[in-house]
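**Q** Below are the C-alpha cells for one structure; questions will follow.
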Amino acid sequence: MADRESLLAYVKEKYATSPEFLWPRQPRYAVLRHAENGKWYGVLMNVRACRLGLPGTGEVDVINVKSPCAPDMLLSGVAGAFPAYHMNKRHWISLALDGSFPDAELYRLVEESFLLTR
C-alpha cells in the first residue's frame, strides 16, 4: 500500500525529487517540483476526511497530480480519487494515500503528472 513515505521514496529515486515544505502553518504539506523549470507535478497534503466527502473526522493523506485527461472521466466511480483539493479541478485530481486507490495506477498518474508538467 502506497503511503506518504513510500511515495516520497519513489519520487526521490525515480525523479531525484525532494519534497519542499513551503507553508509553516501546514508543516506536512509538501510540493514536488521539477528541478529544471520549477513547475509542480505533485502536492502532498493531509486533509480532513469530510473535505473529500468521506465519513469520519480523521485526516487522509492525499497527493494532487495533474490529470492526463478530463478529471470527471477518471473520477467516475473510482475509490480513492477525488476532485483536486485546493487546486484547479479542471486540471488536477487528488488521490488518497490510504490504500483505497490502486498503487500501480497511483504511480502511473504521478508519472503522467511529471511528464505533463515538464
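The values are calculated or read from the model by the stated rules, or taken from the named source; none is laboratory data. Bear in mind the structure is a predicted one, so any value in this text is a computation, not a measurement. Reconstructed Cβ throughout: ideal geometry from the backbone, glycine too, with neighbour counts over all protein chains shown.
**Q** Could you run through segment 28-52 and say how many residues are in contact with a strand residue (DSSP E or B) (Cβ under 7 Å, 6 or more places away or on another chain) and either outside any loop (DSSP other than H, G, I, E, B) or closer than 14 Å to PHE114 by Cβ (or both)?
**A** Qualifying residue count, segment 28-52: 17.
**Q** Which of the residues that make up segment 94-108 are in contact with a strand residue (DSSP E or B) (Cβ under 6 Å, 6 or more places away or on another chain) and among the hydrophobic types (A, V, I, L, M, F, W, C)?
**A** If the condition is that a residue be in contact with a strand residue (DSSP E or B) (Cβ under 6 Å, 6 or more places away or on another chain) and among the hydrophobic types (A, V, I, L, M, F, W, C), then LEU95, ALA96, LEU97, PHE101, LEU106 are the ones that fit.
**Q** Still on this structure, please answer the following. Can you spot a residue in segment 79-101 that is over 19 Å from HIS34 (Cβ atoms), at pLDDT 80 or above, crowded, with 21+ Cβ neighbours inside 10 Å and among the hydroxyl-bearing types (Ser, Thr, Tyr)?
**A** Checking segment 79-101: at least one residue is over 19 Å from HIS34 (Cβ atoms), at pLDDT 80 or above, crowded, with 21+ Cβ neighbours inside 10 Å and among the hydroxyl-bearing types (Ser, Thr, Tyr).
**Q** Looking only at segment 53-72, how many residues end up being part of a strand (DSSP E or B) and not acidic (Asp, Glu)? Steps first, please.
**A** Here is the first cut: in segment 53-72, the residues part of a strand (DSSP E or B) are 59-66.
Checking the rest, the ones that are also not acidic (Asp, Glu) come to 60, 62-66.
The number of residues fulfilling the criteria is 6.
**Q** So for segment 90-99 (the condition being basic (Lys, Arg) and part of a helix (DSSP H, G or I)), does at least one residue qualify?
**A** no
**Q** Among ASP61, ASP103, ASP98, which is acidic (Asp, Glu) and in contact with a Gly (Cβ under 8 Å, 6 or more places away or on another chain)?
**A** ASP98
**Q** So how many residues does segment 52-69 have that are out of contact with any helix residue (DSSP H, G or I) (no Cβ under 6 Å at 6 or more places or on another chain) and on the phi > 0 side of the Ramachandran plot?
**A** 1
**Q** Then there's this: Looking at segment 11-27, which of its residues are part of a helix (DSSP H, G or I) and crowded, with 17+ Cβ neighbours inside 10 Å?
**A** VAL11, TYR15
**Q** Where the second residue is modelled with pLDDT under 80 and the first is under 19 Å from ARG51 (Cβ atoms) and lies in segment 72-86, which pairs have Cβ atoms under 6 Å and are six or more apart or on separate chains?
**A** Correct list of pairs: ALA81/LEU75; PRO83/LYS89.
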